[in-house]
Structure formats: C-alpha cells, structure tokens
Amino acid sequence: MNPKLLSHHAENLAYRSELKQRKKIVVKVGSSSLLHAETGRMDYRQIDMLTRELSNIKNGGREVILVSSGATAVGREVIHFDRRDPMDDSRITFKQACAAIGQARLMMIYQKFFSDYNQIAGQVLMTKNTVTNVLSNYNIRNTFAELLRLGVVPIVNENDSVATYEYSVGDNDHLSAMVCSLVGADLLILLSDIEGLYTDDPRRSSNAEFIEYVDNLTEEMLQMGKGSTGSESGTGGMSTKLSAAQIATKSGCDMVIASSRDLHILDDIMEGKNVGTLFRSRKDPDFDLREYIEATMD
Ligand code: GLU
C-alpha cells in the first residue's frame, strides 16, 4: 500500500468507531441497486433488505432519511418500455412521464415494505429551486423537521416530472448531500454498485488502490473523479460522489461510499466497521448551501 494511504489507516480505524454515535442518517440508494441488471425490473430482495436495515437503524434511536433513485427506471418498466428502443428514451417529456409513473409506483412499494417493519414513510420531491429559493428552502427545512419529529422516514427524490435542465440537480448524489446540509445530518451513506474510492479506475488499471479514508478532500481528489462514468441506470459516477462529499463534509457531515451488493453493510457502517470509503466531516462555518449551489451548478 502506498505510504500516504497507510498513514491514514490508524486514523481511519479510530474515527470509524465514532460513527456509532451518529444520530441523523441520510442513506442514498441508486437505481442500479434496486433493479435487476439483466432485466431492469425491481429487485424486491434488495428493497426488502434496505427497508429492514433502515427500520432497524431507526428503531435503534436514530433518525433516518432515504434518498432513492429509480423513478424513471421503474416507470419504464411499468409501461414495458423496451430499453433497446432509443427513440422515445431520448425525449425529455417521455422521461418525465416515466418518472411520474415510476415515482408513484416506487413509493407504493416502499410504503408496503416499510409498513411491514412498522414504519411510516413520507414522500419529499425536490428540485434545485427548492434549495436556491429562500422561501422554499425555509419550507423544506421545516417539512423535514416535522416529518422527523413525527417519526416518519422521509423518502426523497428529485421531482423529475417537472425538473427540466435549469431546475434540475440531475443526480441523487448531490441531492442527498444537499438534504444532509438542509437537515443538519451527521452521516451520509451513498450506496451504489461501487465499493468506494480508488486511486484510479479499477476496471481499467490493475494498480488502482482502494482508499478507505479521506481526511480532507483536496482539489487533486476532486479532479481524480472527473470523467468517471456512472452505471447504466443511474446518473452518478465518482465525480458526482466526490463533489457530494464536498457539500456533506463542509456541512459537518461524515460521508461513506459503500457497495449495495449486501445491504447488511449499513449495519456494519453504523457499527464502525472498516467498510467503504469514509470522508471525514470538516465543517466550514462559512459554508452556505444556497450560495454554493448558485455558484457551482448552472
Ligand atoms: N432522480 C432520478 C430517478 O429517480 C435518478 C437520479 C440519479 O440516478 O442520480 O430516476
């Protein structure tokens, strides 16, 4: 292992055990984690495991928010759209219609599974405007606070049916980091089909080394993720995860990137086990989410 990574190992292990104390957890799950890769259809075993793990974390005395992708992908499945036909799929209105269909279906499924575990789930749909508009920003904070006070699990997604280019956040990595900043979460877990951060793309380079701990996100690291590709059904690659890490850590929230292959990993993370890549929170007292979004997202 390279000396820089090695020097962080002890620090990582010490800091990991502090995650047990985290109280307000945002978990983001990507479309690829909820669907069968071969067919694009729902993977109920994953949804069952996800809702069970989250319910358990909540029953342990924590507040939990789920940011779930999948609206468009589920909508496509509901109307039996053949993914090999690119004609419709390139039209924005078609995608927005799919999102309208799929978001409702997705919530129906989440409601069902969460109620099996005795939890109430509520839907929160946002766009970039929800954060940048002063009044909406104020309202959404209050809504989250009230939902959590009522013991509800908020399930968040972008409002894809109305968010066109200029209003859209575009990916749920950013969206979940924004939610963390709005609600004052202390831990963000990004679940996807990748295990965490590597020094290089592990699919292309055999020298790529796994990074288990990021003490301080540097400009060099942000550049490292540029150009990385996302999975087939989601929009987030490593680049969006790294810039989400910037929002989360500056807002005073730790962040872990982890693989959703076995969702018991959620429990492992909460137990302080050394899994995934941990970005340590570095609260910046001058960080203002609204200003940051205005300045960095066009
Ligand atoms: N909001 C999109 C959806 O639910 C997903 C965005 C993402 O994949 O990051 O379909």
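Key figures for this structure:
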read-out	value
Scan of segment 226-260 for residues that are modelled with pLDDT under 95, away from the ligand (no atom under 15 Å from the Cβ) and at negative phi, ordered by number	K226
Test for A104: is it buried (at least 23 other Cβ atoms within 10 Å of the Cβ), over 30 Å from E271 (Cα atoms) and not hydroxyl-bearing (S, T, Y)	no
Any pair with Cβ under 7 angstrom, 6 or more apart, that starts in segment 209-222 at a residue that is touching a residue at least 60 places away in the same chain (Cβ under 8 Å) and ends at one that is part of a helix (DSSP H, G or I) and exposed (fewer than 15 other Cβ atoms within 10 Å of the Cβ)	Y213/E11; D215/E11
Hey, S168 within 16 Å of the ligand (Cβ to nearest atom) and under 25 Å from S260 (Cβ atoms) or not	yes
Where a residue in segment 91-108 is over 8 Å from D160 (Cβ atoms) and its partner, wherever it lies, is part of a helix (DSSP H, G or I) and open to solvent by 50 Å² or more (accessible area, probe 1.4 Å), with Cβ under 7 Å and at least six apart	F94/D88
Matching option when the condition is within 16 Å of the ligand (Cβ to nearest atom) and at pLDDT 95 or above, among L175, L150	L175
Hits in segment 202-224 - residues which are assigned to a helix (DSSP H, G or I) and exposed (fewer than 10 other Cβ atoms within 10 Å of the Cβ)	E219, E220
Residues (assigned to a helix (DSSP H, G or I) and at pLDDT 95 or above) located in segment 18-32	E18, L19, K20, Q21
Qualifying residues in segment 125-167 (those that are assigned to a strand (DSSP E or B) and out of contact with any Phe, Trp or Tyr (no Cβ under 7 Å at 6 or more places or on another chain)) - the one most open to solvent (accessible area, probe 1.4 Å)	L125
Residues within segment 64-101 that are open to solvent by 60 Å² or more (accessible area, probe 1.4 Å) and in a loop (DSSP other than H, G, I, E, B), tallied	8
Selection count where residues are out of contact with any Lys or Arg (no Cβ under 9 Å at 6 or more places or on another chain) and touching a residue at least 12 places away in the same chain (Cβ under 8 Å), scope segment 74-90	2
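The values are calculated or read from the model by the stated rules, or taken from the named source; none is laboratory data. Fair warning: this is a prediction, and the values are worked out from it, not measured in the lab. Heads up, the Cβs are rebuilt from the backbone with ideal geometry, glycines too, and the neighbour counts pull from every protein chain shown. The accessibility values were calculated without ligands, DNA or RNA, using every heavy atom of the protein model including side chains. Shrake-Rupley method; radii C 1.70, N 1.55, O 1.52, S 1.80 Å.
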